[in-house]
Amino acid sequence: MAVVVDVLKLTQVQGVCAVRGTAATGTIALATTLKKSTETQSSPKADIKAIHWTLSASASAKIQRNSDILYELRRETELKCLNPIMLSGKIQGNFLAIISKLIKPFNVLEIGTYTGYGTLCLAEGLAAGGKIFTIDRNEELLKIQNKYFEESGNRDRIVQLTGNAIDILDNLNQTFDLIFIDADKENYLSLIHI
């Protein structure tokens, strides 16, 4: 992987860190409060590093494959499922993938699988040997979930649990590095306390 770093100056807002970019283009800009400029006391500066890299052919192919799988899953959900609005969309999916990649969790708990879009996004950042425990009460969606979990290559990293989340959590003896609650809105507080 070839890396080129450009350093720019930008006015800093105290304590703010921003990350933007896309893996598909191979460009990411990271703004952080690395050091304050001594040039002026009234206008602190932060170093902004724009990092450009060339993705290897295999990494680029994996990104494209994941994008294709998520697109197909979204399309099939819209065509075959009631309430496709419940699907985690591109923005939420990208957010979940970024959080997962930053944390690199070993165990993830997802409450509310639906058709598995969010599950696949969370799987992108799992640590080696990590697992996602995903709970949904709708048995009818297992077929579509399994189809895309297989296609993604993450089948062995995903543990599907079907039933009432509160009952399942009472019997689940695991610790989690990341928890995503996207179901049973009325019981959010109960789920958080478990």
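When residues in the range 118-135 are screened for being over 9 Å from the mean Cα position of the chain (by Cα) and crowded, with 24+ Cβ neighbours inside 10 Å, 3 of them pass.
In the range 68-92, the residue that is least open to solvent (accessible area, probe 1.4 Å) out of those that are of a type in the set (D, E, K, R) and free of Cβ contacts under 8 Å to residues at least 24 places away in the same chain is ASP68. Would you confirm whether or not the range 103-110 contains a residue that is open to solvent by 30 Å² or more (accessible area, probe 1.4 Å), within 11 Å of the chain's Cα centre (by Cα) and not small (Gly, Ala, Ser)? Among the residues of the range 103-110, at least one is open to solvent by 30 Å² or more (accessible area, probe 1.4 Å), within 11 Å of the chain's Cα centre (by Cα) and not small (Gly, Ala, Ser), which makes the answer yes. Each residue in the range 143-179 was checked for being of a type in the set (A, V, I, L, M, F, W, C) and more than 16 Å from ILE111 (Cβ to Cβ), and 2 pass.
Every condition in (1) within 17 Å of SER67 (Cα to Cα); (2) at pLDDT 90 or above is met by GLY89 except one, and the failing one is (2). Scanning the range 140-157 for residues that are without any contact (Cβ under 8 Å) to a residue 40 or more places away in the chain and of a type outside the set (Lys, Arg) turns up GLU140, LEU142, GLN145, ASN146, PHE149, GLU150, GLY153, ASN154, ASP156. Residues in the range 163-194 that are surrounded by 15 or more Cβ atoms within 10 Å (Cβ to Cβ) and either outside any helix (DSSP H, G or I) or acidic (Asp, Glu) (or both): LEU172, PHE176, ASP177, LEU178, PHE180, ILE181, ASP182, ALA183, ASP184.
The values are calculated or read from the model by the stated rules, or taken from the named source; none is laboratory data. Keep in mind that this is a model prediction, so the values were computed, not measured. Ideal geometry is used to build each Cβ from the backbone, glycine not excepted, and the neighbour counts take in all protein chains shown. Accessible surface is based on the protein model in full, side chains and every heavy atom, while ligands, DNA and RNA are left aside. Shrake-Rupley method; radii C 1.70, N 1.55, O 1.52, S 1.80 Å.
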